[in-house]
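The values are calculated or read from the model by the stated rules, or taken from the named source; none is laboratory data. Everything quoted here is computed from the prediction, not taken from an experiment. We place every Cβ from the backbone using ideal geometry, glycine too, and count neighbours over all the protein chains shown.
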Amino acid sequence: MSWQVDKDAWTKVAFACGERGCERHYDITHGYYTIHDSQIQRDTKLRLPCSNDESPMFLRAYEPQGSIGNWTCAQFGCKGAKETRGPFK
């Protein structure tokens, strides 16, 4: 993903939602977030820290009917995992 703010431009490795109209992204620094006008929207950040290393976990699976999220540590070799209940935004 590339961002540009004024004259400054940079590239950042991130995962992005592939569905049309979806603006959600994930990276190992911020967790989940939305970008609008080349800026991370602070009120959209979702960062569930791993209890092993404090890095943001990623949502491995989500069951919408029960609002159950299964989270996994993003670091290679880390076995951290959590289950949450509630909507994923």
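Brief remarks on what is shown
- Scanning region 9-48 for residues that are charged (D, E, K, R) and more than 19 Å from A74 (Cβ to Cβ) yields a total of 6.
- Search result, residues across region 58-89 that are in contact with a Gly (Cβ under 6 Å, 6 or more places away or on another chain) and either free of Cβ contacts under 8 Å to residues at least 24 places away in the same chain or at positive phi (or both): S67, C73
- Residue count for region 71-82, restricted to those that are of a type in the set (F, W, Y) and part of a loop (DSSP other than H, G, I, E, B): 1
- Residue in region 62-70 that is part of a loop (DSSP other than H, G, I, E, B), out of contact with any Cys (no Cβ under 6 Å at 6 or more places or on another chain) and aliphatic (A, V, I, L, M) present: no
- In the set (1) at pLDDT 90 or above; (2) over 18 Å from A16 (Cα atoms); (3) surrounded by 13 or more Cβ atoms within 10 Å (Cβ to Cβ), the condition left unmet by N52 is number (1).
- A single entry from K45, K79 fulfils the requirement of being closer than 16 Å to F15 by Cα and either within 11 Å of the chain's Cα centre (by Cα) or surrounded by fewer than 11 Cβ atoms within 10 Å (Cβ to Cβ) (or both): K45.
- Complete set of residues in region 17-57 that are in contact with a Gly (Cβ under 8 Å, 6 or more places away or on another chain), part of a strand (DSSP E or B) and either polar (S, T, N, Q) or in contact (Cβ under 8 Å) with a residue 40 or more places away in the chain (or both): L46
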